[in-house]
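Below is one structure, written out as structure tokens; the observations come after it.
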Amino acid sequence: MNMMQVIVLEAQSDNPHLSLQEKPIPVPRKGQVLVKVEVVPLNPADVMFVRGRYIQEKSLPVVPGMVASGTVIASGGGLIANFMRGQRVCCAGLIDGDGPWSQYLLTDAMLCLPLSKQMSFESGCNLLANPTTAWGLMERVKKGGHRALVQNASAGELGLLIRTLAKSRKIPLINIVRSKRQAESLHKAGEKYVLDSTSPHFEGELAELCVRVNATMSFDAVAGEQSRQLLTAMPEGSELVLYGRLSDQDMKFDGLDLIAGRGQKITGFSVMRWFESLSFIRKMLVMNSIQTFFTKHSTVNIQRRINLTSLIDNFSEYSANTSEGKTLIYP
């Protein structure tokens, strides 16, 4: 069989032009591998990309998707590529190439990492996305010597992973959610500091809490108005780490006041840029730590399991309410 089924993105928009096509199965070059894709998670970043709102751009048409799990079935040669052959892996697509919304994925061997025996394809498909993002963000906390932090989008899967890591490291965490129902859910889950951003008292409560626990770092997945609220609430000399734009709005604030006047700092975080900056040995060590930790402390909440055709037919439905559980694609 020399052909594979793929989803092709022809045009980015709120109603993206997606089609099911057949393409030749690619042949890996030196340093590359071919992965038989088993499971692909549908993440908010995937939705943002196909709608043209993600930080990463690619030439169209392209096969979407960012991360997956599968089995390396061919190597193009090279030490690491040959090492990966036959292994069950979590993997990411090429930054400038096709993603894993397909039956097979061509990628760099350095973008693949072996799954432990205890890690299933389902549990491992998102390791290079949310778990690695949570781990990388918490590395920022450790490196900066921060004693407490605040995050928004706390009710989602990534928010849960950050909550789990913060609790294990005994770091006070202020959680921001966007509804009373979500706030009640987090309180029931044992979270001490939970704020509802729709409350009329939200900004005052956020400022009071940030000062009380000395939260000098925030993880911002929302952007827009909430970036200003976080920068205003945190003590002087604090750092906001921007890694998402769920509000679909630009940051708007008085930079002279917040940055020059109060010494606030804004940095960004891209999980793939961070991960690619690590040596192969460091990647293996980090991934081993992530798999060990999240195997013990976290479970994947699966909302639905679908195939490629179903993804095209029901994309609008599947891309909504991603905090309710993960949609997994089986190519």
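The values are calculated or read from the model by the stated rules, or taken from the named source; none is laboratory data. Please read these numbers as outputs of a predicted model, since none were measured by experiment. Backbone-built Cβ (ideal geometry, glycine too); neighbour counts: all protein chains shown.
So, in the range 125-152, how many residues would count as being crowded, with 24+ Cβ neighbours inside 10 Å and outside any helix (DSSP H, G or I)?
Looking only at that region, the number is 8.
Being closer than 30 Å to P131 by Cα and in a loop (DSSP other than H, G, I, E, B) is the filter here; which residues of the range 243-265 pass it? I'd like the intermediate steps shown before the answer.
Our first condition is that a residue be closer than 30 Å to P131 by Cα; within the range 243-265, this holds for 243-252, 264-265.
Result: Y243, G244, R245, L246, S247, D248, Q249, D250, M251, K252, Q264.
From the residues in the range 299-329 that are at pLDDT below 95 and hydrophobic (A, V, I, L, M, F, W, C), which one is farthest from the chain's Cα centre (by Cα)?
Among those that are at pLDDT below 95 and hydrophobic (A, V, I, L, M, F, W, C), it is F315.
Exactly one condition in (1) at pLDDT 95 or above; (2) surrounded by fewer than 16 Cβ atoms within 10 Å (Cβ to Cβ) is not met by I55; state its number.
(1)
When L240 is evaluated against the numbered criteria (1) more than 17 Å from S154 (Cβ to Cβ); (2) free of Cβ contacts under 8 Å to residues at least 60 places away in the same chain, which criterion, by number, is the only one it fails?
(1)
In this structure, is A207 of a type outside the set (D, E, K, R) and part of a loop (DSSP other than H, G, I, E, B)? First the steps, then the outcome.
Values: of a type outside the set (D, E, K, R): yes; part of a loop (DSSP other than H, G, I, E, B): no.
Here the answer is no, as A207 does not meet what is asked.
Select from the range 179-206 the residues that are hydrophobic (A, V, I, L, M, F, W, C) and either surrounded by fewer than 16 Cβ atoms within 10 Å (Cβ to Cβ) or closer than 18 Å to E157 by Cα (or both) and list them in ascending order.
A183, L186, A189, V194, L195
Which of the following residues is over 30 Å from A68 (Cα atoms), surrounded by fewer than 17 Cβ atoms within 10 Å (Cβ to Cβ) and among the β-branched types (V, I, T): I281, I302, I259? It would help to see each step written out before you state the result.
Working: I281 fails: over 30 Å from A68 (Cα atoms); I302 fails: over 30 Å from A68 (Cα atoms).
Testing whether each residue is over 30 Å from A68 (Cα atoms), surrounded by fewer than 17 Cβ atoms within 10 Å (Cβ to Cβ) and among the β-branched types (V, I, T) leaves just I259.
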